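Report on the following structure.
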Amino acid sequence: HGDKKNKLQQIRGFCTVMEEGSILQASKKMRTAQSNVSLQISSLEKTLEILLFKRENQRLLPTPEAKRFYKVCKKALNEVDFLFENAGATIKQDYNNIIRISAHSYMLSHILPPHFKKMIELNPKVKFELHHSGLDEALDMLETGIIDFAIFPTKKEDLPQSIEMKEFYKCKFGIGMHKNHPLVKVKEKDITWDLLSQYDFITLGRGATVQNAKSIIESYGINSRFKLYNGTWEIGAGIIKEGLTISGADTLYGKSHKDMIMKKCPHLAPNYKFHILQNKQSIISKSAEQLLDIMLLQ
């Protein structure tokens, strides 16, 4: 028992050093002596028979092996921490009133709220833990049991075998613009990429819509005065509402902005779908199961 506890502490010390960049900072965060952290690292290296850090010019540099090992260890620690943080709720059965979701910002802000409302009407005690993350992070959380399900646009061949997917929402491509933009007078069926190339077009970073049409946008040489990295539609909308640019998005986005016109242009880009992702081996809460039933009945 003591040996297993020591190994867990060694892994925690190793991860903290990786994150803090030095034994000194790691010891401060862990509230322990530097010698203890140094001993944890050296003991771990001895057990693994692998050099985890190199010392150059008084700097601690992780080896390639350490970087790979860190990713595995961090997943394990997240799972252990989650277990202890939620153990009380699980034992008290409060767990069944908690729904844990990771999703694209569009899902969390535009698509899911009406479903949340229905769920609250069904179970007034329900609570939601919402994670705004990317797909890779969501898959890590699914594998470690931190979330019940995730919602992202993806393909089955890009997913681990442990993850199953169900189609949830099909987006319809549109072009968003200020209400006084010249394109407002153009019929939707007459809007082409050649026509759009005459105007500035903001790309929304990791936005699902733009990623779906990325190759098309590049092939037509679309002008992009603004390039938004890792942003959300709300940021792009703020620029669009000044009449400075246009952008592609699901047509539902335009409904929440009175100064914006959203032209329905499904002919400009292929349809893309959001899928519900679940870990086949995980047990999810009863409330999460109820919410999924509501979502899939739409």
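Of all the strands (runs of 3 or more DSSP E) wholly in segment 224-298, which have at least 3 residues that are not small (Gly, Ala, Ser)?
Numbers: elements: 247-250, 260-264, 272-279.
Result: 260-264, 272-279.
Going through segment 137-162 one residue at a time, which ones are under 15 Å from Phe274 (Cα atoms), within 14 Å of the chain's Cα centre (by Cα) and of a type outside the set (A, V, I, L, M)? Scanning segment 137-162 gives Phe149, Phe152, Pro153, Thr154.
This table checks each residue for (1) part of a loop (DSSP other than H, G, I, E, B); (2) at pLDDT below 90; (3) within 27 Å of Ile98 (Cα to Cα).
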site	(1), (2), (3)
Leu139	no, no, yes
Gly145	yes, yes, yes
Pro160	yes, yes, yes
Met165	no, no, yes
Gly174	no, yes, no
Val184	no, no, no
Lys189	no, no, no
Arg206	yes, yes, no
Ile216	no, yes, no
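Is it the case that Met295 is under 30 Å from Leu83 (Cβ atoms) and at pLDDT 85 or above?
Numbers: under 30 Å from Leu83 (Cβ atoms): yes; at pLDDT 85 or above: yes.
Yes: the conditions hold for Met295.
Of a type outside the set (A, V, I, L, M), under 26 Å from the mean Cα position of the chain (by Cα) and either open to solvent by less than 50 Å² (accessible area, probe 1.4 Å) or over 23 Å from Glu143 (Cβ atoms) (or both): which single residue out of Thr16, Thr47 fits that description? Every option except Thr16 fails the conditions. Does at least one position in segment 99-113 carry a residue that is at pLDDT below 90, farther than 17 Å from Met295 by Cβ and either open to solvent by 70 Å² or more (accessible area, probe 1.4 Å) or not in a loop (DSSP other than H, G, I, E, B) (or both)? Yes: one or more hits. Cβ separations smaller than 8 Å between residues 6+ apart or across chains give the following pairs from segment 275-298 residues that are within 18 Å of Ser162 (Cβ to Cβ) to residues that are of a type in the set (D, E, K, R) and open to solvent by less than 30 Å² (accessible area, probe 1.4 Å): Gln278/Asp148; Ser282/Asp148; Ile284/Asp148; Ala288/Arg100; Ala288/Asp148.
Can you find even one residue in segment 160-168 that is basic (Lys, Arg) and free of Cβ contacts under 8 Å to residues at least 12 places away in the same chain? No, because not a single residue in segment 160-168 is basic (Lys, Arg) and free of Cβ contacts under 8 Å to residues at least 12 places away in the same chain. Residue check: is Arg12 basic (Lys, Arg) and under 23 Å from Glu79 (Cβ atoms)? It is true that Arg12 is basic (Lys, Arg) and under 23 Å from Glu79 (Cβ atoms). Restricting to segment 114-137, name every residue that is in a loop (DSSP other than H, G, I, E, B) and of a type in the set (Lys, Arg). The answer is Lys125, and nothing else. Within segment 125-137, does at least one residue satisfy the condition of being of a type outside the set (Phe, Trp, Tyr), under 30 Å from Phe201 (Cβ atoms), touching a strand residue (DSSP E or B) at 6+ places or on another chain (Cβ under 7 Å) and in contact (Cβ under 8 Å) with a residue 40 or more places away in the chain? No; the residues of segment 125-137 include none that is of a type outside the set (Phe, Trp, Tyr), under 30 Å from Phe201 (Cβ atoms), touching a strand residue (DSSP E or B) at 6+ places or on another chain (Cβ under 7 Å) and in contact (Cβ under 8 Å) with a residue 40 or more places away in the chain.
Residues in segment 92-116 that are farther than 21 Å from Glu167 by Cα and not aromatic (Phe, Trp, Tyr): Lys92, Gln93, Asp94, Asn96, Asn97, Ile98.
The values are calculated or read from the model by the stated rules, or taken from the named source; none is laboratory data. It should be emphasised that the depicted structure is a prediction, and the values quoted were computed from it without experimental measurement. Don't worry about glycine lacking a Cβ; one is built from the backbone with ideal geometry, like all the others, and counts go over all protein chains shown. The protein model used for the area step is the full one, side chains on, heavy atoms only, and it has no ligands, DNA or RNA in it. Shrake-Rupley method; radii C 1.70, N 1.55, O 1.52, S 1.80 Å.
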